[in-house]
Amino acid sequence: MDAMNWRSTMGKFATGVTVITTVDEAGNPLGMTANAFTSLSLDPPMVLICVDNKSDTLTKLLASNKYGVNILADHQEPLSRAFARKGGSEKFEGIAYSTGETGVPVLSGCLVSVECIVKEAVQGGDHMILLGEGVRIHEEASVTEPLLFYRGKYEKLNGIGA
Ligand SMILES: Cc1cc2nc3c(=O)[nH]c(=O)nc-3n(C[C@H](O)[C@H](O)[C@H](O)COP(=O)(O)O)c2cc1C
């Protein structure tokens, strides 16, 4: 049960990739890559994300009480890499996005983006679980293929899902 073994064991669960976005008090955009995302409830519509206690974005997420879940398309691996780095608003330099009705950044070119309001924050080991209620969906009909993450590597469906 060492950390390396645990990470590689959990990595055998194939996931999509998201960029979680929010804003600080001054309205500056912030974001981080996350695959610890799941659909939680249908009525009310809820999701959850798990954010490392060491993430700089976490304090901002807790302060703003809202987040965007941007589900990445297969061409957005560079975006995933950019938002997996440390740094504040400069992660958004050269990134196309709009501002959602809650104020969170909605990244362009994603499969779908959901704006959420934080309903509860629960400590889970070294991560914080943020339960969010979905309030607005943004979808680009022309984008159909997801970016995947499996065993520590980016993968694509290669047309299987089309
Ligand atoms: C594919 C992938 C998935 C990730 N999933 C998560 C996650 O679910 N939760 C998390 O806290 N960090 C996750 N990370 C790591 C963060 O993106 C990374 O630590 C980032 O630097 C945090 O930025 P921040 O400190 O500016 O918030 C993931 C990274 C990658 C590449």
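The values are calculated or read from the model by the stated rules, or taken from the named source; none is laboratory data. As the structure is a prediction and not an experimental result, all values here were calculated from the model. For neighbour counting, all protein chains shown are included, and Cβ atoms are generated from backbone atoms with ideal geometry for every residue, glycine included. Heavy atoms of the whole protein, side chains included, go into the accessibility calculation; ligands, DNA and RNA do not. Shrake-Rupley method; radii C 1.70, N 1.55, O 1.52, S 1.80 Å.
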Task: Selection within the stretch 1-53 - of a type in the set (Val, Ile, Thr), part of a strand (DSSP E or B) and in contact (Cβ under 8 Å) with a residue 60 or more places away in the chain - done: Thr15, Val19, Thr21, Thr22, Val23, Val47, Ile49, Val51
- [ ] Take Gly16 and decide whether it is open to solvent by less than 40 Å² (accessible area, probe 1.4 Å), within 11 Å of the ligand (Cβ to nearest atom) and in contact with a Pro (Cβ under 6 Å, 6 or more places away or on another chain).
- [x] yes
- [ ] Go through the stretch 139-162 and count every residue that is open to solvent by less than 70 Å² (accessible area, probe 1.4 Å) and without any contact (Cβ under 8 Å) to a residue 40 or more places away in the chain.
- [x] 2
Task: Per-region count, the stretch 77-104, residues open to solvent by less than 60 Å² (accessible area, probe 1.4 Å), over 16 Å from Val23 (Cα atoms) and not hydroxyl-bearing (Ser, Thr, Tyr) - done: 3
TODO: Please give the number of the condition Val135 fails out of (1) open to solvent by less than 50 Å² (accessible area, probe 1.4 Å); (2) β-branched (Val, Ile, Thr); (3) over 16 Å from Phe37 (Cα atoms).
DONE: (1)
- [ ] Filter the stretch 96-120 down to residues that are touching a helix residue (DSSP H, G or I) at 6+ places or on another chain (Cβ under 9 Å) and within 16 Å of the ligand (Cβ to nearest atom) and give me whichever is farthest from Tyr154 (Cα to Cα).
- [x] Val118
- [ ] Restrict the check to the stretch 105-119 and report whether at least one residue is over 16 Å from the mean Cα position of the chain (by Cα) and under 19 Å from Val23 (Cβ atoms).
- [x] yes
TODO: Identify the residue in the stretch 54-76 that is in a loop (DSSP other than H, G, I, E, B) and open to solvent by less than 30 Å² (accessible area, probe 1.4 Å) and, among all such residues, is farthest from Leu157 (Cα to Cα).
DONE: Ser55
- [ ] Evaluate the following for Val122: is it touching a Phe, Trp or Tyr at 6+ places or on another chain (Cβ under 9 Å) and either within 26 Å of Tyr150 (Cβ to Cβ) or surrounded by fewer than 13 Cβ atoms within 10 Å (Cβ to Cβ) (or both)?
- [x] no
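Residues are listed down the side, and each one gets a yes or a no for (1) acidic (Asp, Glu); (2) within 20 Å of Leu147 (Cα to Cα):
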{"site": "Thr33", "(1), (2)": "no, yes"}
{"site": "Ala36", "(1), (2)": "no, yes"}
{"site": "Asp43", "(1), (2)": "yes, no"}
{"site": "Leu48", "(1), (2)": "no, yes"}
{"site": "Ser64", "(1), (2)": "no, no"}
{"site": "Ile71", "(1), (2)": "no, yes"}
{"site": "Gln76", "(1), (2)": "no, yes"}
Open item on the list: Would you confirm, using the coordinates I've provided, whether Asn35 is open to solvent by 50 Å² or more (accessible area, probe 1.4 Å) and in contact with a Phe, Trp or Tyr (Cβ under 9 Å, 6 or more places away or on another chain)?
Closed with: yes
Open item on the list: Could you go through the stretch 80-95 and let me know if any residue there is closer than 27 Å to Ser142 by Cα, within 14 Å of the chain's Cα centre (by Cα) and more than 11 Å from the ligand (Cβ to nearest atom).
Closed with: no
